[in-house]
Amino acid sequence: MNEQIPPRNAAPGLEPETVISVRDLRVQFGDREVLHGIDLDVGRGETLVILGGSGSGKSTLLRVLVGLQEPSGGHIHIRDVDLCRATPAELAAYRKTLGISFQGGALFNSMTVAENVALPLREHTSLEESTIQIMVRLKLEEVGLAGFEDYFPSQLSGGMRKRAAVARALAMDPEILFFDEPSAGLDPIIAAGIDQLILRLKEAFHMTVIVVTHELASAFLIADRMVLIEKGNIIASGPPAEFQASTHPRVRQFLDRVAEPEIEDELDYLQLLTETLGAGRRPRGSKVR
Amino acid sequence: MELTVRIGRATLAGLAYLGGLARLGLRAAYYAFVAPFRGKPMRFQRAVHQSMAVGVEALPILSLISFFIGVILALQGAYELRKFGALNYVSSAVAISMTRELGPLITAIVVIGRSGSAFAAEIGTMKVTEEIDALETMALDPVQFLVMPKFLAMALMLPCLTTWADSMGVFGGALFGVAGAGFTFRGYLLSTFDALQLRDITTGLIKSIVFGGTITAVGCYEGFRTGAGPEQVGRSTTSAVVASIFLVIAVDLVFTAMFYVLGRG
Ligand SMILES: Nc1ncnc2c1ncn2[C@@H]1O[C@H](COP(=O)(O)OP(=O)(O)OP(=O)(O)O)[C@@H](O)[C@H]1O
Ligand SMILES: [Mg+2]
């Protein structure tokens, strides 16, 4: 916890300080390139929402940004550290300032919820055990999991696991927060609670938050800026209002939830199937162009 | 040509595998013996916890197996010794084969089945559920956090288990000695101690420590190699068991040959 924090920009209204800067980022799995030259800047205290279809490379982008996946090309600068050339010590220092909640939660299944949240505190701080207990309780209250301290992840519902993962990501009061679909699988009330939490963190701690989500309502509520990724390329980027007014056909398609035209055949097939089965209903939520 | 290429490839793959094991072992050794002096925590509690799982919980099954092996050794030995009227040598035959060879080997096999496979399954599952990734993003090295305590536990528990297995084997031999070869229990034990040299016991224990290192390295390495998807965990566990058995026996051969050469001089 002794890494240097670069000075904040003194006067408000100036160009915000860039915390994450990505240039021409490429990622390859074997012969297959899944990110084709991503350019991205995230300012301090900014909430960036990453939108995009399934398999478009959102999780991969997050994994690269936290140093879990080696890019095959391009540059990533976090504050003044070049992530691709960082020494183990620099990488560790950066990671102590970030919190991440993975798409699948990634809670430690051999530990209770409280132990999960307490782990980074126990490992990286010299806080008293009693202080750690209090902090753990506060974080769990924050996500509405007070009273579940001694449950194991396997004893929680999917949504509760998600929330426990969010609590763990918050444990070290990180400067940068990464959320991979924090509200997928949560009921609307709790999902709204997570949105409020993100807004509160931004207000109170000026945290930089990067959220991958499919929930459009939530995205428009929390975002300072949005990017839309499609097949490994950023095809649109801008503040929510600009996004809302965009005439870019792919952006419109995404925001208006228009099904892919190719799916038509599949829908016909599904309809035929349901009709033959006697149900006679069209599949829900399908609006064919 | 085709054949030589294939042999070459297989050799390279084998060497790469051994290299991976060695790297893992060295990193764990660094965290166990060097890093604590640089202010990094030692994870004693985790090592103790692992030792319980590796050592104490293996005692019942190991006792039973090594006792049976002791009886079997005595029976097989007696079959041959009786022909020479040397039935009273059965105690030394059992003692020496147990301490030098079978005690360490049986212990290793039991530990592979119980713990080597469990290491691979544990780390493999954590890999699949992104728990390993979560550790890394918390700036915790999985080798320090998961692997090092396992190495410590194994290095500590395998010699203990082996000593225990040796004794249970001797008791197994004693059962036959008393029931079928006219020994008294006390007499059987005394002649066992007469036959054993300290070197028999130490070579066995040295082997057992190396076995412990091998089993841990293979189990953890296979765990980390687990690909995406739960079905890969099963594959890792299987390869951990197969590779450990092979490597333990190969290491056994090397060490036995080495002790043989050294022992002559
Ligand atoms: N470890 C991996 N090995 C090979 N291919 C991978 C790997 N991880 C991801 N991919 C591929 O990269 C592409 C992007 O995956 P990614 O997980 O980033 O998608 P995503 O945008 O997060 O999708 P979703 O919304 O469904 O979570 C996919 O086509 C996937 O097949
Ligand atoms: Mg994803």
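The values are calculated or read from the model by the stated rules, or taken from the named source; none is laboratory data. Here the structure is a predicted model, which is why all the values come from computation and not from measurement. FYI the Cβ positions are ideal-geometry reconstructions off the backbone, even for glycines, and counts take in every protein chain you see. Accessible surface areas use protein heavy atoms only, side chains included; no ligands, DNA or RNA. Shrake-Rupley method; radii C 1.70, N 1.55, O 1.52, S 1.80 Å.
A few points about this structure:
- Protein accessible surface hidden between B and A, which excludes ligands and nucleic acids, total in Å², probe 1.4 Å: 1500 Å²
- The tail of the calculated P(r) for the range A:35-123 beyond 23 Å holds 35 percent of all Cα-Cα pairs.
- Cross-link pairs A:Lys96/A:Lys162; A:Lys139/B:Lys150; A:Lys139/A:Lys202; B:Lys127/B:Lys207; A:Lys162/B:Lys150; A:Lys202/A:Lys231 - those with Cα-Cα distance over 24 Å: A:Lys139/B:Lys150; B:Lys127/B:Lys207; A:Lys162/B:Lys150; A:Lys202/A:Lys231
- Counts of other chain beta carbons within 10 angstrom of each beta carbon in peptide B:123-136 average 5.
- Taking Cα centre as origin and charging only the Cβ of basic (Lys, Arg, +1) and acidic (Asp, Glu, -1) residues, the dipole magnitude of chain B rounds to 460 debye.
- Remark on the range A:81-155: Rg and Dmax equal 14.4, 43 Å (Cα only).
- Sum of -39500 (n - 2.57) over DSSP H runs of 4+, divided by residues of the protein assembly as shown (222 nm, nearest 500): -18500 deg cm²/dmol
- Across all directions, the average projected area of the convex hull around the alpha carbons of the protein assembly as shown is 38.1 nm².
- Mean per-residue shielding of peptide A:110-117 is 1, counting Cβ atoms of other chains within 10 Å of each Cβ.
- When the Cα positions of B:Leu102, A:Thr18, A:Ile194 are compared along the charge dipole of the protein assembly as shown, B:Leu102 comes out farthest toward the positive end, with charges on each C-beta of Lys, Arg, Asp and Glu.
- For the range A:65-169, the solvent-accessible area of protein heavy atoms averages 44 Å² per residue (probe radius 1.4 Å; ligands and nucleic acids excluded).
- Between A:Ala106, A:Ile132, A:Gln69, the Cα set farthest toward the positive side of the dipole of the range A:32-138 (charges on each charged residue's Cβ, about the Cα centre) is that of A:Ala106.
- Accessible area of the range B:2-264 divided out per residue, in Å², using a probe of 1.4 angstrom: 49 Å²
- Residues losing 30 Å² or more accessible surface upon assembly, the range A:119-150, compared with the chain by itself, 1.4 Å: A:Leu119, A:Glu123, A:His124
- FRET efficiency, B:Glu2 to B:Phe84 (Cβ-Cβ, R0 56 Å, nearest 0.05): 0.55
- Solvent-accessible area, 1.4 Å probe, carbon plus sulfur percent, for the range A:78-121: 52 percent
- Relative to the current alpha-carbon distance between A:Gln155 and A:Thr125, full extension at 0.36 nm per residue lengthens the span by 7.9 nm.
- Accessible surface of the range B:2-264 [probe 1.4 Å, protein heavy atoms]: carbon and sulfur percent: 72 percent
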